[in-house]
Amino acid sequence: MKFTWLMAKKLVFTDSERRDTYQIMTQLKALLADSVGANDERLLKEHLRGALANNQLWRDAFGLNPVLQAFQTALIAVEEIGLKRDGVVAILLHQSVINGFVSIEEIDRMYGHSAAGIIRGIVRIQELYKRNPVIESENFRNLLLSFAEDMRVILIMIADRVNLMRQIRDTTNKEGKQRVSEEASYLYAPLAHKLGLYKLKSELEDLSLKYLEHDAYYHIKEKLNATKKSRDAYIERFIGPINERLTAAGLKYHMKGRTKSIHSIWQKMKKQKCAFEGVYDLFAIRIIIDCPIEKEKMQCWQVYSIITDMYQPNPKRLRDWLSVPKSNGYESLHITVLGPEQKWVEVQIRTERMDEIAERGLAAHWRYKGVKGGEGGLDEWLSSIRTALEAGDGMEVMDTFKMDLYEDEVFVFTPKGDLLKFPKGATVLDFAYHIHSKVGNQCTGARINNKVVTFRQELHSGDQVEIITSSTQKPKQDWLNIVKTSRAKSKIRLALKETQVKDGLYAKETIQRRLKNRKIEMEESTMNHVIKKLGFKQTSEFYKQLAEGMLDVNTVIDKYIEIREQELNPVSQQPARSADEFEFENPNEEIMRSNDDVLVIDRNLKGVDYQLAKCCHPIYGDDVFGFVTVNGGIKIHRCDCPNAPELRKRFGYRVVKAKWSGKGSSQYSITLRIIGNDDINIINNITSIISKEEKIVMRSISIDSNDGLFSGNITVMLDDTSKLEALIKKLRTVKGVKQVSRL
């Protein structure tokens with residue numbers, strides 16, 4: 001059924017929705033019989049009916065019924081995670097609190113402090129979402145964990161997303177479906193992984209793959225279905241002899257097979273660059289022993305001995321998490337043996353208690369096959385949860401758990417809501433230089449949470465920082481002692497160096513002025529020659545010595561006039577020769593892109609660090625888009641870049657809008673491909689045209705000639721596409737030129 005209700009329209013239940021809601025309500029009453037009283041049930045019904053009557057609940061963007069959704073989420077939270085009464089109350093009523101029908105104080109009074117605390121956490125997370133940070137970043141996952149002091153908030157978020165992913169299978173809202181699926185893949189699945197909710201993590205990953213990469217999902221699913229019969233038959237042949245030996249040894253146990261998730265198979269296919277048939281470890285056998293806790297290790301190793309007597313083990317694949325459990329509480333013994341038909345089979349040996357913790361416990365193996373170091377605080381926290389679980393406290397231990405994580409890092413927001421991570425002790429000045437070197441150079445202070453502070457102020461997690469700048473501000477040497485990040489230090493050093501460069505520019509202007517007095521225009525190529533004749537390897541060092549008075553201006557001018565005369569009156573005429581004999585000396589070896597922030601990235605966010613992609617060399621005026629790289633920077637590509645289709649197809653969630661804004665002073669590197677008759681005079685004509693063009697500088701040229709034709713690549717620096725188009729037109733008019741194109 002398609003839903004077209006607007007938010008303002010009264011929520012009306014369909015027959016199937018009403019039936020499903022009452023069915024789940026009955027299930028929840030049976031599951032929570034020990035913790036939910038008759039008064040709780042009455043109050044919950046009154047609140048939900050009141051919210052419906054006052055039009056405080058409405059269908060979402062997918063047309064889903066919020067009441068039925070809440071009950072479905074509650075059932076997942078109770079059955080799959082183990083939440084109790086307070087978690088269910090929070091799931092059923094938090095939307096009424098957010099929409100203003102009931103206050104947190106009323107929840108506290110009617111249902112208790114614990115339920116109110118969970119709802120308070122959910123509301124806080126909702127506010128965090130409104131700041132619109134980049135949800136696929138590890139920073140955001142860590143910030144969520146540190147914001148949710150009561151971990152049941154995160155568990156409810158995961159249960160809610162699992163339910164939503166189940167319900168949107170047939171939705172017509174394709175854009176919303178893609179956004180929800182991307183969040184499930186990049187935020188909720190890793191959160192579930194960290195908290196040991198292995199089953200829910202796999203379901204989120206599989207559903208995300210199903211919605212985002214439909215063809216890959218069904219290709220693997222069909223292959224699994226086609227091979228299921230042969231897999232089942234092989235498992236029977238493998239476990240038959242094991243069953244006989246374990247039973248004869250008097251062990252109480254049961255066995256089950258675990259097929260890899262579709263998402264895991266797809267990841268392995270991509271990683272190994274192989275077809276489905278190339279993935280050999282599609283399943284594992286799990287032997288789960290029923291024994292007292294004091295006999296666990298002994299019986300696990302007994303099973304290991306029996307299996308390795310029957311099948312040849314691979315010693316490189318032995319994983320002993322019995323002797324030393326993982327810091328997250330995971331305990332098991334993994335071996336890989338050579339079974340019938342010379343096939344490798346993974347066997348996992350554990351007890352009922354170990355299996356329960358691994359399948360449902362919060363201290364499950366969140367770092368298994370993935371998340372790497374730097375999480376010492378989280379390791380310790382999970383280890384303490386494991387201790388509580390083993391003591392039999394169950395989920396009630398969550399009532400008082402507070403997190404004290406990431407003590408060495410702070411997470412702060414830009415005014416637009418982007419989330420940035422800094423080392424502890426970082427200052428406003430670090431933040432300013434992270435945004436852009438120009439912002440850092442002109443920083444005078446900041447507004448943190450709307451309060452004005454100096455640029456020496458340290459940052460704290462959750463701060464929203466807006467930098468204050470002044471055009472008269474300049475970097476100073478002591479700033480190096482204020483900042484903590486190497487990025488800020490390097491940018492300050494560069495700015496201090498640029499101050500020296502400006503002094504050099506003043507010296508250059510002095511020479512130009514003195515030459516004009518003699519009615520001579522200064523040519524860069526001639527001045528380059530002068531600089532080399534005077535023994536300088538770097539132009540900057542030449543102008544630096546001029547500025548400091550170490551080199552006499554009159555000496556330079558006399559040398560310039562001498563070399564100019566030699567160039568104007570050559571001794572002999574050069575004979576005609578082939579184009580590939582042309583040699584080019586770069587007239588300006590220190591051209592740099594100044595990044596004047598002439599780009600607007602996505603939501604009018606100026607001042608971000610970006611780089612122009614080397615695969616397509618975009619310039620001002622090209623249609624462009626941004627691509628967020630793995631280290632958080634942005635690469636700018638032309639819309640017609642040869643790599644654009646693949647980037648959009650595979651990494652659409654990392655593509656951001658970009659457009660050119662105000663015109664800056666930047667120059668861009670562009671390479672032209674030129675083909676023409678093999679004659680060095682044609683090359684001279686081409687280079688002459690380029691050298692006479694205002695604000696266009698030739699950087700390099702390479703020439704090849706063959707069968708009477710030359711082909712060459714010429715790299716130039718210019719301002720924008722209009723300059724480029726005008727230059728190409730002029731070059732095409734050169735006699736003997738056959739073709740001019742942009743690479």
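The values are calculated or read from the model by the stated rules, or taken from the named source; none is laboratory data. The model shown is predicted, which means the values in this text are computed figures rather than measured ones. Here the Cβ is made from the backbone with ideal geometry for all residues, glycine too, and neighbour counts use every protein chain on show. Surface areas here come from the heavy atoms of the whole protein model, side chains and all, with no ligands, DNA or RNA. Shrake-Rupley method; radii C 1.70, N 1.55, O 1.52, S 1.80 Å.
Sort through Ala51, Ala77, Ala115 and tell me the only one that's touching a Gly at 6+ places or on another chain (Cβ under 7 Å) and either among the basic types (Lys, Arg) or buried (at least 18 other Cβ atoms within 10 Å of the Cβ) (or both). Working first, answer last.
Values: Ala51 fails: touching a Gly at 6+ places or on another chain (Cβ under 7 Å); Ala115 fails: touching a Gly at 6+ places or on another chain (Cβ under 7 Å).
Unique residue meeting the criteria: Ala77.
Select from the range 252-267 the residues that are of a type outside the set (A, V, I, L, M, F, W, C), buried (at least 17 other Cβ atoms within 10 Å of the Cβ) and modelled with pLDDT of 85 or more and write down the one among them that is farthest from His214 (Cα to Cα).
Checked the range 252-267; the qualifying residue farthest from His214 (Cα to Cα) is Tyr253.
Looking at this structure, is Val453 modelled with pLDDT of 90 or more, open to solvent by less than 70 Å² (accessible area, probe 1.4 Å) and part of a loop (DSSP other than H, G, I, E, B)? Show your work before the answer.
On the way: modelled with pLDDT of 90 or more: yes; open to solvent by less than 70 Å² (accessible area, probe 1.4 Å): yes; part of a loop (DSSP other than H, G, I, E, B): no.
No, not satisfied.
If you scan the range 456-495, which residues turn out to be part of a helix (DSSP H, G or I) and open to solvent by 40 Å² or more (accessible area, probe 1.4 Å)?
Quick first cut of the range 456-495, residues part of a helix (DSSP H, G or I) only: 477-481, 486-495.
Answer for the range 456-495, where residues must be part of a helix (DSSP H, G or I) and open to solvent by 40 Å² or more (accessible area, probe 1.4 Å): Gln477, Asp478, Asn481, Ser486, Arg487, Lys489, Ser490, Arg493, Leu494.
Can you name the residue in the range 468-509 that is modelled with pLDDT under 80 and acidic (Asp, Glu) and, of all such residues, is farthest from Phe455 (Cα to Cα)?
Asp503
Strands (runs of 3 or more DSSP E) wholly in the range 657-743 with at least 2 residues that are farther than 28 Å from Cys639 by Cβ and touching a residue at least 60 places away in the same chain (Cβ under 8 Å) - which ones? Spell out the reasoning first.
On the way: elements: 668-677, 697-706, 709-718, 737-742.
Where strands (runs of 3 or more DSSP E) fall fully within the range 657-743 and carry at least 2 residues being farther than 28 Å from Cys639 by Cβ and touching a residue at least 60 places away in the same chain (Cβ under 8 Å), they are 668-677, 697-706, 737-742.
For residues that are of a type outside the set (Asp, Glu), in a helix (DSSP H, G or I) and surrounded by fewer than 13 Cβ atoms within 10 Å (Cβ to Cβ), tally how many sit in the range 28-48. Even if it seems obvious, please write down each step before you answer.
Going residue by residue through the range 28-48, those that are of a type outside the set (Asp, Glu) are 28-33, 35-39, 42-45, 47-48.
Okay, now just the ones that are also in a helix (DSSP H, G or I), so 28-31, 38-39, 42-45, 47-48.
From what's left, surrounded by fewer than 13 Cβ atoms within 10 Å (Cβ to Cβ): 29-30, 38-39, 42, 45.
Here the count works out to 6.
Show me the helices (runs of 4 or more DSSP H) found entirely inside the range 187-251 where at least 1 residues are modelled with pLDDT of 90 or more. Walk me through how you get there before you give the answer.
Details: elements: 189-194, 198-212, 214-248.
Of the helices (runs of 4 or more DSSP H) lying wholly inside the range 187-251, those with at least 1 residues that are modelled with pLDDT of 90 or more span 198-212, 214-248.
So which residues in the range 194-238 are crowded, with 19+ Cβ neighbours inside 10 Å and more than 36 Å from the chain's Cα centre (by Cα)?
Once the filter is applied, which keeps residues that are crowded, with 19+ Cβ neighbours inside 10 Å and more than 36 Å from the chain's Cα centre (by Cα), the range 194-238 yields only Phe238.
Name every residue in the range 270-327 that is of a type in the set (A, V, I, L, M), part of a helix (DSSP H, G or I) and open to solvent by 30 Å² or more (accessible area, probe 1.4 Å), in order of residue number.
First pass over the range 270-327, keeping only residues of a type in the set (A, V, I, L, M): 275, 279, 282, 284-285, 287-289, 293, 298, 303, 306-307, 310, 318, 322, 324.
Subset that is part of a helix (DSSP H, G or I): 293, 298, 303, 306-307, 310.
If the condition is that a residue be of a type in the set (A, V, I, L, M), part of a helix (DSSP H, G or I) and open to solvent by 30 Å² or more (accessible area, probe 1.4 Å), then Ile293, Met298, Met310 are the ones that fit.
Could you run through the range 160-186 and say how many residues are open to solvent by less than 70 Å² (accessible area, probe 1.4 Å), outside any helix (DSSP H, G or I) and among the charged types (D, E, K, R)?
Count: 0.
How about the range 121-131: which of its residues are open to solvent by 40 Å² or more (accessible area, probe 1.4 Å) and either within 22 Å of Leu52 (Cα to Cα) or in contact with a Leu (Cβ under 9 Å, 6 or more places away or on another chain) (or both)?
Residues of the range 121-131 that are open to solvent by 40 Å² or more (accessible area, probe 1.4 Å), as a first pass: 124, 126-127, 129-131.
Matches in the range 121-131: Gln126, Arg131.
Of these, Thr555, Thr539, which one is open to solvent by 30 Å² or more (accessible area, probe 1.4 Å), at pLDDT below 80, closer than 19 Å to Arg513 by Cα and among the polar types (S, T, N, Q)?
Details: Thr555 fails: at pLDDT below 80.
Checking each option against the conditions leaves just Thr539.
So which of Asp281, Asp232 is charged (D, E, K, R), in contact with a strand residue (DSSP E or B) (Cβ under 7 Å, 6 or more places away or on another chain) and within 28 Å of Tyr311 (Cβ to Cβ)? Reasoning before the result, please.
Working: Asp232 fails: in contact with a strand residue (DSSP E or B) (Cβ under 7 Å, 6 or more places away or on another chain).
Of the residues listed, the single one that is charged (D, E, K, R), in contact with a strand residue (DSSP E or B) (Cβ under 7 Å, 6 or more places away or on another chain) and within 28 Å of Tyr311 (Cβ to Cβ) is Asp281.
For Asn631, are the conditions met, namely being open to solvent by 40 Å² or more (accessible area, probe 1.4 Å), of a type outside the set (A, V, I, L, M, F, W, C) and not in a loop (DSSP other than H, G, I, E, B)? Show your work before the answer.
On the way: open to solvent by 40 Å² or more (accessible area, probe 1.4 Å): yes; of a type outside the set (A, V, I, L, M, F, W, C): yes; not in a loop (DSSP other than H, G, I, E, B): no.
Here the answer is no, as Asn631 does not meet what is asked.
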